[in-house]
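Report on the following structure.
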Amino acid sequence: MLGRKKEEPELAFDVSEFDSNEQDEINRIKTFLEAAEVIKAVARQSKFMPGGKIITPRTIFATNKRLIIRDPNALGLRADIDSIPYSQINNIKLEKGAFTSEIRIKSGQFENDDQGYIPAIPKKKAAKILAIINEHIREAQHFHDKTTPVQEKKEDDPLTILKKRLAKGEITKAEYKDLKSALE
């Protein structure tokens, strides 16, 4: 119906742990969040520190599923939003400066290096985002390792296993002979 206000999506987390500026940033991207997605950290590029953007600073959101970068343009009237699943991050680097830190993200999604380069991030927030990203990358790798089947060596036939167990002292010669005869 005309004039009817669109219903705001409900967030799967409590925003009270974030300050009012971070809550404003979260409100700008909440329609892009998935149903069970939780924002763990928000870091906004400084307006005044070296490397910062005075009019349209970028914001990084680290969620439980991906990294979201909001890049305002057209004097803040529009914004580009990049969504990078942790599994697609090839490399991330944190460079600490005197007052702020820089985050450099390498991902196949970026057409150029500038998209993944965000200077003038508050040091503590940049370190927190790096820790969250590394945690999720490790989880993705650990999950991949668990789902990748381990191939057994072909030389590990039952007789070879028995010989190895005898050599290690796990079984006696008598047990070895009994088990060997059972295999033949």
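Converting phi to 3J(HN,Hα) with the Karplus coefficients 6.51, -1.76 and 1.60 and the offset θ = phi - 60°, the range 156-164 yields 8, 7, x, 5, 5, 4, 4, 4, 5 Hz in sequence order, with x at every glycine or proline. Only Cα sites of the range 67-123 enter the Debye sum here, all with the same form factor; the resulting log10 I(q)/I(0) across q = 0.16, 0.19 1/Å is -0.54, -0.74, listed in q order.
Multiplying the sequence separation of LYS168 and ASN73 by 0.36 nm and subtracting their Cα-Cα distance, what value in nm do you get?
On the way: separation 95, 0.36 × 95 = 34.20 nm, distance 6.80 nm.
Net length gain for the segment: 27.4 nm.
Both radii were evaluated on the Cα set of the range 33-109; the Rg over Rh quotient, with Rh as the Kirkwood radius, amounts to 0.97. In this structure, the residue pairs whose Cα-Cα separation is over 18 Å, taken from LYS65/LYS96; LYS96/LYS123; LYS93/LYS124; LYS30/LYS53; LYS47/LYS106; LYS30/LYS123, are LYS65/LYS96; LYS30/LYS53; LYS47/LYS106; LYS30/LYS123.
Every number here is computed from the coordinates shown, using simple stated rules; none is lab data. Owing to the predicted nature of the structure, the values given are computational and were not obtained by experimental measurement.
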